[in-house]
Amino acid sequence: MPLSPPRIILSTLNAKYIHASLGLRYLLANMTRHGGADLRAQSVLREFTIARPAVEIVAALLDELGEAVDVGPQIIGFGVYIWNVAATTEVVRLLKQTRPSLKIVLGGPEVSYEWEDQEIVRLADFLITGWGDVSFPKLCRALIHGPQPLMQVISGEQAGLEEIELPYAEYSTNDLAHRLLYVEASRGCPFKCEFCLSSLDKTAWAFDLKYFLTALDGLYQRGARNFKFVDRTFNLKIDSSLTILQFFLDRLTPDLFLHFEVIPDHLPERLKEMIAHFPPGVLQFEVGIQTFSPAVQQRISRRQDNEKTCANLDWLVKHSHAHLHTDLIFGLPGETLASFSEGFDRLYALQPDEIQLGVLKRLRGTPIARHSKEYGMVYDANPPYTVQQTGAVDTAEVQRFIRLARYWDLLANSGRFKQSLSLMLAGPSPFAAFLALSDWLWQSTGKTSGLTPEILVDGLFTYLTQVIELEVESVRQILLADYQASGARANPACLAGHLKDREKPVSRAERALTQRQTRHARPDVML
Ligand code: B12
Ligand code: SF4
């Protein structure tokens, strides 16, 4: 922390407070090596959330910088992502209005591609596309010590990973206590799924594992127990996956929590063996399935062996304690409601802990744009560029699906209706059953937000007993069991007179298990 006001602020607007920016910590950690010790001493990190009004962010940043000084430029570097580009544009506009002498530098995935038409790029002084670890310190050095940079848009230097300082010492004690700690053992992805920004990487680069694990141990010794790996495919190189998992097995504590993104069709025996050693509550795997339709997979260049995927998911569900968070995407080119429904049913039959239902977004720079004309793809022009309609699903169907996804989060992914879910999904197609429930909920409540657990319990009671005419008392008992297990403490009308033992004391062990389960049910999972 500099004694005098900083000359360089690294800033971003995170999606929520719990997300700490790993990208900016890289830039800060590399200031000395690629900019100079004097620059590091004059740099600070200031994070905000997108919920904070732009005027407040501007006031806080200007306050931090103090008066404009004559001795040279003051620099603010912003990390720009899909979730913050609108708000950051406003912040940059206000900053440049108030203090035109400020040098604004932009970087991050949202301004790394198709930046020519972006308002924020017009307002800023410099843009570094791609990796910023080396180029940002170098640009600051040039701005402060000269020679002045000639280019406004700089293509970020992609240095060898051994030339990049690891950022983990930049996580503060407060970060360790209250925020998710993002870490990366590798960057990039060798696969080419056309909807994904990582498909442009063409390959993956691994950090030196010894060096990385030493840094991770530093975090662990400081008390960190909650690690989210942002590696696009954790199980790409099995030897590395095993070494990392063994590292954590050697440090197992009851509060350890590890999140990894894995590809579903690559789970060799030795990796399975290692995974099976972890007790409940520690491992969370995010498994992107996206679509089970071979035609759609081929169209978007997604290589996925569906048989192996199902066999591996089945193994994980039956033989490991890993919490399985799976993803499906609606609206891919050529995917119909019927083919999506088949994929959902196939996935649901495997019983993963969560199925996250996303809607396709056309990210800047991604090759999926090549299908727009042929497959009738219409995307929102504003972030997050969600698909509005395709040749295979019209606008009304997309909206219908978005409501379904919201209700699915409330009723299935929330974990609050574990037993009643099987009633809701009964029938030959769980997806069709849930779609009917979703349509009914929409017609009867007219909303997808602000629905309390009590409104949902009463709504479900009506639907299950009156619309699909299940036996009243057994429905009530199942809803009662779920309601009580969820820990809710109010009074749904359908359970009136049945909630007598709800104050039954909960043992410490039960409470601890519930907390671990809730931790897994958090909706803040990554893409
Ligand atoms: C963590 C994360 C999130 C978190 C948010 C984190 C936060 N800070 O608030 C959560 C889970 C909320 C999230 C949500 C979403 N995310 Co997300 N997420 C990520 C993830 C996994 C890690 C980011 C990271 O730390 N990377 C590692 C660091 C080192 O890389 P980096 O951030 O890119 O930083 C480097 C450069 O960009 C650059 N740089 C960064 N900042 C700056 C600043 C300056 C000044 C300069 C010069 C350079 C620079 O230098 C850094 C070092 O080289 C990435 C995938 C990935 N592995 O990167 C996706 C990713 C960023 N997400 C993406 C998307 C699409 C989403 C969602 C829309 C997904 C969805 N299905 O809805 C949502 C949007 C949420 C919303 N509210 O609208 C896309 C981004 C597209 C974009 N244009 O921004 C990514 C790249 C995934 C992908 N492969 O497609 N996400
Ligand atoms: S979806 Fe996953 S596997 Fe496909 S390119 Fe993106 S990160 Fe790689």
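The values are calculated or read from the model by the stated rules, or taken from the named source; none is laboratory data. Bear in mind the structure is a predicted one, so any value in this text is a computation, not a measurement. Cβ placement follows ideal geometry from the backbone for every residue including glycine, while neighbour counts extend to all protein chains displayed. With ligands, DNA and RNA removed, areas are computed over all heavy atoms of the protein, side chains included. Shrake-Rupley method; radii C 1.70, N 1.55, O 1.52, S 1.80 Å.
Observations
- In nm, spacing of pseudo-spin labels at residue 458 and residue 98 (7 Å Cα→C-beta vector): 4.7 nm
- Mean ellipticity per residue at 222 nm, deg cm²/dmol - from DSSP H runs of n ≥ 4 across the chain, formula -39500 (n - 2.57): -11500 deg cm²/dmol
- Peptides 151-157, 23-29 ranked from most to least packed, by the mean per-residue count of other Cβ atoms within 10 Å: 23-29, 151-157.
- Computed over protein heavy atoms with a 1.4 Å probe, the carbon and sulfur contribution to the accessible area of the chain reaches 55%.
- Taking the inverse of the mean reciprocal distance over all distinct Cα pairs, the Kirkwood hydrodynamic radius of the chain comes to 25.3 Å.
- Accessible area per residue in Å² at 1.4 Å probe, computed on the chain: 44 Å²
- If R0 equals 22 Å, the separation of the Cβ atoms of residue 277 and residue 237 corresponds to a calculated FRET efficiency of about 0.65.
- Computing FRET efficiency as 1/(1 + (r/R0)^6) for residue 178 and residue 346, where r is the C-beta to C-beta distance and R0 is 41 Å, gives about 0.60.
- Sparse-neighbour loop sites [trypsin sites (Lys or Arg not before Pro); segment 129-216; at most 10 other C-beta within 10 Å; DSSP]: none
- Under 5 Å, built H, 5+ apart or other chain: amide partners of residue 391: 334, 376, 377
- Pairs beyond 24 Å (Cα-Cα), from 308/418; 192/308; 318/418; 103/138; 138/192: 308/418; 138/192
- With Cα atoms, 0 to 90° folded angle of helix 337-349 axis to the chain main axis: 80 degrees
- For the chain, the longest principal axis of the C-alpha atoms and the axis of helix 238-249 are separated by about 80°.
- Residue by residue, segment 307-324 carries 3J(HN,Hα) couplings of 5, 5, 4, 5, 4, 5, 4, 4, 4, 4, 5, 7, 10, 10, 9, 5, 7, 9 Hz when phi is fed to the Karplus relation 6.51 cos²θ - 1.76 cosθ + 1.60 (θ = phi - 60°); x denotes Gly or Pro.
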